[in-house]
1. Would you tally the net charge around Gly144, using a Cβ to Cβ cut-off of less than 10 Å, leaving Gly144 out, and scoring K and R as +1, D and E as -1?
2. Springs between alpha-carbon atoms under 10 Å, Gaussian network over the chain: tell me which of Leu30, Leu124, Leu39 tops the mean-square fluctuations.
3. Under 11 Å from a point placed 7 Å out from the Cα of Ile166 along the Cα-to-Cβ direction: which residues of segment 99-114 have their backbone N that close?
4. Take the cross-link list Lys12/Lys69; Lys69/Lys100; Lys53/Lys114; Lys7/Lys53; Lys116/Lys164 and give me the ones stretching past 26 Å between alpha-carbons.
5. What are the ³J(HN,Hα) couplings of segment 172-183, residue after residue, when phi is run through the Karplus curve with 6.51, -1.76, 1.60 and θ = phi - 60°? Round to Hz, x for glycine and proline.
6. So who's got an amide H within less than 5 Å of the one on Val175, skipping anything under 5 residues away but keeping other chains? H placed 1.01 Å off N, in plane.
7. Longest exposed-loop-site-free stretch of the chain, with trypsin sites (Lys or Arg not before Pro), DSSP loop and at most 11 other Cβ within 10 Å?
8. Using the Cα centre of segment 80-185 as the reference point, and only Cβ charges (+1 on K/R, -1 on D/E), how large is the resulting charge dipole? Debye, rounded to the nearest 20.
Amino acid sequence: YQDTTRKTTYAKVQIYIPTSTLARGTTSALTPIFADNDLAFKGYEENTAIRGKNEYRIYYSGEEAVVDKPLYIIDGYDPGDVRKIEADDFGHNQDEKSIKQLMSYDHDNNYETKNKDIIEELNLLGYDVIIVNHVVNEENGIDGGGDYIERNAYTFISLMRYIKSIQQGTEKAVVIGPSMGGLISRYALAY
């Protein structure tokens, strides 16, 4: 400063580098999406309709970044959005498994063998896996991980519309939603 005092600050920088198994087909960063204007939702105790927000990551089945056989996996109830898509995503609670880590399982009850990776298995079947996470929206203070099913469903509809607009071919989408993600997906599909 002008009076010769100093102030030192520190920060951490996170750099996402895909592992070699994912390099063939993952998006390089999280992509946020807001609900379309026609899909804003007015909560029961809210004065105005608010557009939801989510983020997604696509794990492509092929070498090229082309969606031709979409399969959505929608995260469940996660107040505060402590469970991110990947463990090294900004804001992920390191005490929790990430959504991607939850997509791995011990197929033979033998801890010495490698776990099966559901995303990798689905990619081998030709599916482009799209992980959907409902986030805390800093602009309007909405906690997507614990928000209204309707608002999250509307945001998911906006994502499906977008993916359909870039999709190659006419393959029907597959939607998987465990727990609250199941309710969100059912509401969205019924809409």
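Quick note: the coordinates plus some simple rules give every number you see, no bench work behind them. On a predicted model such as this, the values are computed, not experimentally measured, just so you know. Here the Cβ is made from the backbone with ideal geometry for all residues, glycine too, and neighbour counts use every protein chain on show.
1. -4
2. Leu124
3. none
4. The pairs that break the limit, which is 26 Å between Cα atoms, are Lys12/Lys69; Lys53/Lys114; Lys7/Lys53; Lys116/Lys164.
5. Couplings: 6, 7, 10, 10, 10, x, x, 6, 4, x, x, 5 Hz.
6. Excluding prolines and chain starts, which carry no amide H, the hits are Tyr72.
7. That would be 13-113.
8. 460
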